[in-house]
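K.L.:
Sending over a structure as structure tokens; questions will come in a sec.
Derivation of every value follows stated rules applied to the coordinates shown; laboratory data play no part. All of these numbers come straight from a predicted model, not from anything done at the bench. Methodologically, a virtual Cβ is constructed for each residue, glycine included, from the backbone with ideal geometry; neighbour enumeration extends over all protein chains shown.
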Amino acid sequence: MQIEVFKSKIHRAKVTQAELHYVGSITLDEALMEAADLIENEKVQIVNVNNGERFETYVIKGERNSGTVCLNGPAARKVQVGDIIIIISYGIMDKEEAKNHRPTVIFPDQNNSLN
């Protein structure tokens, strides 16, 4: 049996931009992507700590070490610059494999940098 499990998370990143007139997605600093085991075009769930919004989109690679966390397209209406969000990815794996899986969780600082 295959099940969907929590794969990785960027916990409490700060939204730096919201670009309504753009094809939908979230642009993330490449360093954050690598640390959180995310790849370009991967589906993610966004949870907005400030307003409770929860939605899905996909990742676009942003400039490395820029701190960029930009919601694009319709997702831009679900956030305000400065909001704190959680970015979660999930994976499909065999149930037995999932029992031993340990998700990757990163905690960026207030500038979306990794210490």
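K.L.:
Against the condition among the hydrophobic types (A, V, I, L, M, F, W, C) and within 11 Å of Val15 (Cβ to Cβ), how does Ala35 come out, does it pass?
P.N.:
Values: among the hydrophobic types (A, V, I, L, M, F, W, C): yes; within 11 Å of Val15 (Cβ to Cβ): no.
No, not satisfied.
K.L.:
Just give me the residues in segment 4-46 being aromatic (Phe, Trp, Tyr) and farther than 14 Å from Gly73 by Cβ, in sequence order.
P.N.:
Keep residues of segment 4-46 that are aromatic (Phe, Trp, Tyr), which gives 6, 22.
Result: Phe6, single match.
K.L.:
So is Gly62 touching a helix residue (DSSP H, G or I) at 6+ places or on another chain (Cβ under 9 Å) and either without any contact (Cβ under 8 Å) to a residue 24 or more places away in the chain or closer than 21 Å to Ser113 by Cα (or both) or not?
P.N.:
On the way: touching a helix residue (DSSP H, G or I) at 6+ places or on another chain (Cβ under 9 Å): yes; either without any contact (Cβ under 8 Å) to a residue 24 or more places away in the chain or closer than 21 Å to Ser113 by Cα (or both): yes.
Spelling it out, Gly62 is indeed touching a helix residue (DSSP H, G or I) at 6+ places or on another chain (Cβ under 9 Å) and either without any contact (Cβ under 8 Å) to a residue 24 or more places away in the chain or closer than 21 Å to Ser113 by Cα (or both).
K.L.:
A follow-up question, please. For a quick check of your reading: which strands (runs of 3 or more DSSP E) sit entirely within segment 61-115 and have at least 3 residues that are on the phi < 0 side of the Ramachandran plot and either in contact with an Asp or Glu (Cβ under 6 Å, 6 or more places away or on another chain) or among the acidic types (Asp, Glu) (or both)? Talk me through it step by step, then tell me what you get.
P.N.:
Values: elements: 69-72, 84-94, 104-106.
In segment 61-115, 84-94 are the strands (runs of 3 or more DSSP E) which contain 3 or more residues that are on the phi < 0 side of the Ramachandran plot and either in contact with an Asp or Glu (Cβ under 6 Å, 6 or more places away or on another chain) or among the acidic types (Asp, Glu) (or both).
K.L.:
Check Tyr58, Tyr22 and return the single one that is surrounded by fewer than 19 Cβ atoms within 10 Å (Cβ to Cβ), of a type in the set (Ser, Thr, Tyr) and in a loop (DSSP other than H, G, I, E, B).
P.N.:
On the way: Tyr58 fails: in a loop (DSSP other than H, G, I, E, B).
None of the others qualify; the one that does is Tyr22.
K.L.:
Inspect segment 67-75 for any residue being under 25 Å from Glu4 (Cβ atoms), over 11 Å from the mean Cα position of the chain (by Cα) and β-branched (Val, Ile, Thr) and give the result as yes or no.
P.N.:
The answer is no, given that none of the residues of segment 67-75 is under 25 Å from Glu4 (Cβ atoms), over 11 Å from the mean Cα position of the chain (by Cα) and β-branched (Val, Ile, Thr).
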